[in-house]
Amino acid sequence: MTGIKQPPARLAEILRTCEQLAFDLEFTHAKAWRKAADDRLLVGYLPIYVPREVIHAANGLPVGIMGVGDHKRIIKGDAYYQSYICHLPRGIIEMALDSNLEDFDGFLFPAICDCVRNLSGMFKLAQKGKFTRYFDYPQNFKEHIGGTFFRELIETVESDMFKLNGVKVTPERLNHSIGLYNRNRSMIEAIYDIRQEFPWRLSAVDTYYILRAGLVMPVEEHNAILEEVLELIGLDHGEAMDNIRVVVTGSFCEQPPIGMLKSMEMAGCYIVDDDLMLGSRWTQGDVDDTTDDPLGAIVTAFLEKSPSSSAVYDVGNPKGARLVDLVRHRHADGVIFCAASFCDPALLDRPELQKACDAAGIVHINFQFHENTGQFKVIKEQAGTFSDSIKLWV
Amino acid sequence: MAEVNEAVKERSMVIQKEMLAELFTELSTAKEKGRKVVYTFVPGNLTELILALDMLPVYPEINALQSGMRKKSASYIKDAEKMGFSEDVCTYVKCDIGMMLNGNIGPTGEKLPDPDLLLLSYTGCFTFMKWFENLEKLYPGVEIAMLHTPYQEDGRITEDQITYMVKQLEEEVIPKLEKVAGKKLDRARLAKMLENSSKAEDLWVKVLHSAKTVPSPIDSYFAGVYYMGPLFTAFRGTERALEYYQELHDEIMERQAKGLLPITPEGEMKEERFRLLVEGPPNWTNFREFWKIFYDMGAVIVASTYTKVGGVYDQGFRHDPDNPIESLARYCMGCYTNLSLPQRVDLLEHYIKEYKVDGFLINSIKSCNSFSAGQLLMMREIEKRCGIPVGFIESDLVDPRYFSYANIKNRLESYFQMLAQRKSILAQQPTEQA
Ligand code: SF4
Ligand code: SF4
C-alpha cells in the first residue's frame with residue numbers, strides 16, 4: 001500500500017454517518033427534528049421531484065422516501081401488489097402499515113407513473129398523513145399554461161401545510177430557502193465534477209450515501225456535510241485504476257441495491273454520472289433567489305431547467321440527445337442501462353435511448369433489478385466483460 | 001370495435017359492422033384522397049374535434065386489441081421485444097409497434113395510413129405518453145399535439161384543472177389540429193356533433209342501466225365492449241353513431257320487456273345464476289373462451305369498470321354543445337382510470353348496490369398498471385364495505401403468454417362455487433327465521 005495516499009479519516013467518518021442515515025427507515029433523525037418544535041412539519045415525498053424549497057420555507061422538512069431496498073423484509077406489502085408490479089410501492093406500503101411513517105404530516109407523490117399515482121390513492125384510503133397529494137406537475141411547458149397550473153399546484157400544497165402549522169411562505173422565507181437549495185445542488189454538481197476527474201477519491205456508492213442522507217435531514221445540515229466532503233475530496237488521495245467510465249441511467253425511482261452498484265464498480269466501472277438521486281439534482285443551475293416572486297422563479301426553473309427524465313414529456317427536447325450530451329460531457333466510455341423490473345417509464349424509454357447511443361457510437365449494456373435483488377454474480381461478470389471489451393478498443 | 005358476433009346478428013350489430021367497414025375503407029384510401037389521419041387514444045379522446053376538421057382517427061389501442069383477437073399479437077410483441085422493448089412493459093405498446101414494424105396492416109387486412117398527427121391526450125395512464133414519445137421518433141417529422149390531463153387526485157375536478165385543460169385545448173391542441181387539417185375549426189359544427197354525442201350518451205346509459213333488472217337483458221362486459229365501440233372511438237358525435245345507439249337501445253328495451261337474457265356467441269343465455277361486477281379490462285387473445293367460462297356457468301356481468309374507460313357517462317357526464325371546450329376538458333378528466341382510487345372504490349360500491357351484484361371479480365391485467373396497481377387494496381375495501389364474495393384472476397390484454405386457460409377456469413369455478421354456496425345460505429335464511 002506504500003505510495004497510495006490514504007483517504008482522510010474524516011471522510012470515512014462522514015460516510016459512515018451518511019450511510020447510516022440514508023438507510024434509517026425509521027427516519028429517526030428527521031422525526032427528532034420534527035419533535036423539537038410544534039410548528040415543524042415532516043413532508044414525505046416519493047421520487048422524483050418536488051420543490052423542496054417551498055416545504056422548507058413553510059418550516060417543513062421534505063423527506064425523500066426512496067423505498068426500502070434490501071433493508072426491510074416485505075411481509076404485508078406483497079399482499080397489496082401483483083407479481084408484475086415493481087418493488088418500490090410494496091416497500092412503501094409496508095412502511096406505511098408499520099410504524100416507519102408515523103409522525104409524518106403529509107405525503108407528496110410526484111407524477112412519474114401510474115403505480116405512484118395509485119399509491120397516492122392507497123395512502124388516502126388507508127388515511128395516512130394529514131394530507132396526501134398526487135403532485136401532477138405539468139407536461140405543458142408554456143409559462144402561462146403549464147406554469148400557471150404548476151403554480152396553483154404548489155399553492156395547494158402551501159395551503160395544506162399552512163392549515164397544519166400556520167406558517168406563511170413569504171417571499172423572504174422562500175428566497176432564503178431557494179438560496180440554500182441552490183447551494184446544495186451546486187455543491188452536489190461540484191462533487192460530480194471532481195469525481196469526473198478523480199473518481200477514485202469518492203466511490204459512486206459513497207456519493208450515493210451522501211446524497212441519500214441529504215433526503216432525511218435539513219438542507220442546512222446537508223450543506224455543511226457537502227462543504228466538508230468537497231474539501232476532503234479536493235485533497236489528493238487514492239489511486240487511479242484501469243477502469244472504464246460509465247453513466248448509469250434508468251434508476252431514478254426504485255433504487256438498485258447497493259450491492260449492485262458495488263458490483264459494477266468492482267467489475268471495473270467508474271460511475272461518473274447517474275440518475276439515482278435525480279430529485280436532488282433536478283434543477284439544472286440556480287433558481288433565482290433575488291426576486292419579489294420566488295414562487296414564480298421556482299415555476300420558471302421547472303419549465304426551463306428540468307433535467308432529462310422519463311417523467312417529463314420529451315418532444316422537442318429528446319432524451320436520447322440529452323443522454324449522449326451527458327456521456328460526452330462526462331467523458332464516459334459507455335452507458336449502463338439499469339432499470340427496475342416492471343418500470344414502464346424507464347423501460348419504455350430504453351429502446352430510443354439505446355438507439356441514440358448507437359447512433360453516437362456509445363456502447364451500452366443493460367441490467368434490470370429489484371430493489372431487494374440479492375445476487376450480483378451475473379451482473380459483476382457482465383459488467384466486467386463490458387469493461388474489458390471497452391478497454392480493448394479505447 | 002371488436003369482431004361482430006357471428007352467431008346471432010341483431011340489426012345494431014349489422015350497423016356497427018358496416019360503420020367499421022366504411023371507416024377502414026376510408027382509411028385505406030385516405031392518402032389518395034388527401035384525408036389527414038390522426039392517431040389518438042381511447043380514454044379522453046377528442047373524436048369530435050378530429051371529425052369536425054374532416055380528419056380520420058386511428059386508435060392504436062384498438063389496433064392492438066384487434067391484433068390480439070386475430071391471434072397476431074404474439075408475433076408483434078416478439079418483434080417489439082427484439083427491437084429492445086422489455087418483456088415487462090405494457091403489451092399494447094409492443095403490439096402496436098410490432099404491427100407497425102410488420103407493415104401496419106389493420107384488422108381488415110389493408111395497410112393503415114401513417115399518421116399526419118399524433119394527438120397525445122393521455123387520460124388516466126402515464127404509459128400513453130411513453131407510447132407516443134416512441135411513435136414520434138418512429139415516424140420522423142410527424143406532427144404531435146399533447147394534451148396533459150390532470151388526475152382527479154382529490155376526488156374531484158378543480159377549476160384550476162379546467163382552466164389548464166381549456167388553455168391547452170384552445171392555444172395548443174386546436175391550433176395544431178387546424179394546422180394539420182389545413183382549415184379552421186367550425187365551432188357550430190363541433191357544437192352539433194357534441195349534441196349528437198350527448199344524445200348517444202343518453203341512449204348508452206339507458207343500455208347500461210337495463211342491467212339493473214333481474215334477470216339482466218345484457219352482459220355489460222363481454223357484450224358491453226361491442227356496445228361501447230362507436231361511442232368510445234371513431235364515431236362519437238356522428239349521425240351514424242346516434243342511429244346505432246337508437247337501434248341498440250330499442251333492441252335492448254325490447255329484450256328487457258320480454259324478460260330475455262343476454263345474447264352470447266352461442267345464442268341466448270337460458271339462466272342468470274350470478275350477477276357479477278368486473279373490474280379491469282378483458283383478455284383479447286382468448287376473448288371467446290374467456291367469455292364462455294362465464295356464460296356456461298350462468299354468470300352475467302351486470303356492471304363493469306372497463307366500459308367506463310371511454311367515459312363514466314352513467315354518473316351523469318354529458319358532452320355539452322353550449323360549452324364545448326370545457327365539456328371536452330371535463331370529459332377527459334372524468335374517464336374511469338383518471339379517477340382516484342377512493343373514487344374508484346366508491347363507484348364499485350355504488351354498482352354493487354345499484355345492480356344487485358352477487359360477486360365482485362377483478363381481472364388483473366399484467367400490462368396495465370393504471371388499472372392494476374392498487375386493485376388488491378380495492379378488493380379488500382369492497383370485501384369490507386359490501387361483504388360479498390370477491391374473486392381475483394390474472395391475464396393480459398394481448399400477450400397470450402399470460403393467459404392460462406386452465407388456471408383461470410379453475411379459479412373461476414371455485415369462485416362460482418363460493419357464490420353458489422352463499423346464495424343457497426342466503427336463500428335459506430328467511431326460511432330458517434320463519
Ligand atoms: S420504479 Fe418505475 S414503475 Fe415503479 S413506481 Fe417507480 S417509476 Fe413507477
Ligand atoms: S398501461 Fe393500460 S391504459 Fe396504459 S396503454 Fe397500457 S393497457 Fe392502456
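The values are calculated or read from the model by the stated rules, or taken from the named source; none is laboratory data. These numbers were taken from a predicted model, which means no experiment stands behind them. Positions of Cβ are generated from backbone atoms using ideal geometry, with glycine treated the same way; all protein chains shown enter the neighbour counts. What goes into the accessible areas is simple: the full protein's heavy atoms, side chains included, and nothing from ligands, DNA or RNA. Shrake-Rupley method; radii C 1.70, N 1.55, O 1.52, S 1.80 Å.
Values as computed for the structure displayed
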read-out	value
Projected label distance in nm at residue B:404 and residue B:163, using a 7 Å step from Cα toward the beta-carbon	5.3 nm
Subset of A:355/B:82; B:258/B:423; A:76/A:130; B:94/B:179 violating a 18 Å alpha-carbon distance limit	B:258/B:423; A:76/A:130; B:94/B:179
Chain A: calculated mean residue ellipticity at 222 nm from DSSP helix runs of at least 4, using -39500 (n - 2.57)	-15000 deg cm²/dmol
Carbon + sulfur, % of accessible area of segment B:297-434 - ligands and nucleic acids excluded, 1.4 Å	49 percent
The protein assembly as shown, accessible area per residue, ligands and nucleic acids excluded (1.4 Å, Å²)	35 Å²
Members of segment B:359-380 that become less accessible by 40 Å² or more once partner protein chains are added (1.4 angstrom probe, chain alone as reference)	B:366, B:369, B:373, B:376, B:377, B:380
Proximal charge balance of residue B:235 [Cβ under 11 Å; K/R count +1, D/E count -1]	-2
Contact order normalised by residue count of segment A:273-369, Cα under 8 Å, 6+ apart, percent	25 percent
Antiparallel DSSP beta bridges within chain B, percent to nearest 5	10 percent
Model label zone, residue B:417; criterion: amide N under 16 Å from point 7 Å along Cα-to-beta-carbon; scope segment B:279-299	B:297
Zone residues, segment A:152-179, relative to residue A:293, backbone N less than 17 Å from point 7 Å out along Cα-to-Cβ	A:152-156, A:170-172, A:174-175
Value of relative contact order over segment B:158-279, rounded to a whole percent, pairs C-alpha under 8 Å and six or more apart	27 percent
Estimated Rh, the protein assembly as shown: Kirkwood, alpha-carbon pairs, angstrom	28.2 Å
Protein-protein interface of segment A:323-347, residues with accessible area decrease of at least 50 Å², isolated chain reference, 1.4 Å probe	A:342, A:344
Additional length obtainable on full extension of the chain from residue A:78 to residue A:26, 0.36 nm per residue less Cα span	16.7 nm
Test item: B:118-130 mean partner chain Cβ contacts at 10 Å	4
Point-to-point label distance, residue B:70-residue A:152, nm (Cα→Cβ direction, 7 Å offset)	4.3 nm
Chain pair B, A: total accessible area buried, heavy atoms, 1.4 Å probe, Å²	4800 Å²
Relative intensity, log₁₀ I(q)/I(0), of segment A:30-122 from a Debye sum that treats every alpha carbon as a point, q = 0.10, 0.13, 0.22 Å⁻¹	-0.27, -0.46, -1.14
Test item: A:148-154 mean partner chain Cβ contacts at 10 Å	4
Given A:380/B:137; A:128/B:384; B:71/B:292; B:199/B:356; A:128/A:163, the pairs whose alpha carbons are separated by over 23 Å	A:380/B:137; B:199/B:356
Solvent-accessible area of residue B:25 with every protein chain in place, 1.4 Å probe, in Å² to the nearest 10	80 Å²
Between segment B:293-363 and segment B:175-247, the alpha-carbon center distance in angstrom	15 Å
All aspartates and glutamates inside 19 Å of residue B:353 as judged from Cα atoms, apart from same-chain residues fewer than 8 positions distant	B:219, B:272, B:279, B:314, B:381, B:383
In Å², nearest 10: area of residue A:4 left accessible to a 1.4 Å probe	50 Å²
Number of partner chain Cβ atoms within 10 Å, mean per residue of B:148-156	6
Normalised contact order of chain B, rounded percent, pairs of Cα under 8 Å and 6 or more residues apart	20 percent
Spatial separation of Cα centroids for segment A:218-286 and segment A:1-65, in angstrom	16 Å
Contour minus Cα-Cα distance for residue B:239 and residue B:31 (0.36 nm per residue)	72.4 nm
Percent carbon-and-sulfur accessible area, chain A, ignoring ligands, DNA and RNA, probe 1.4 Å	53 percent
Within segment A:183-198: backbone nitrogen closer than 17 Å to the residue A:5 label point (7 Å, Cα to C-beta)	A:194-198
Heavy atoms of residue B:227 accessible to a 1.4 Å probe, total area in Å² rounded to 10	40 Å²
A:168, B:270, reordered so the largest accessible area comes first (probe 1.4 Å)	B:270, A:168
Mean Cβ count within 10 Å, highest first, over the residues of peptides B:11-20, B:308-317	B:308-317, B:11-20
For segment A:146-222, the spread of Cα positions along each principal axis, largest first, Å	47, 28, 21
Share, in percent, of DSSP beta bridges within the protein assembly as shown that are antiparallel, nearest 5	5 percent
Using θ = phi - 60° and Karplus 6.51 cos²θ - 1.76 cosθ + 1.60, couplings along segment B:156-162 (whole Hz; Gly, Pro as x)	7, 9, 9, 4, 4, 5, 5
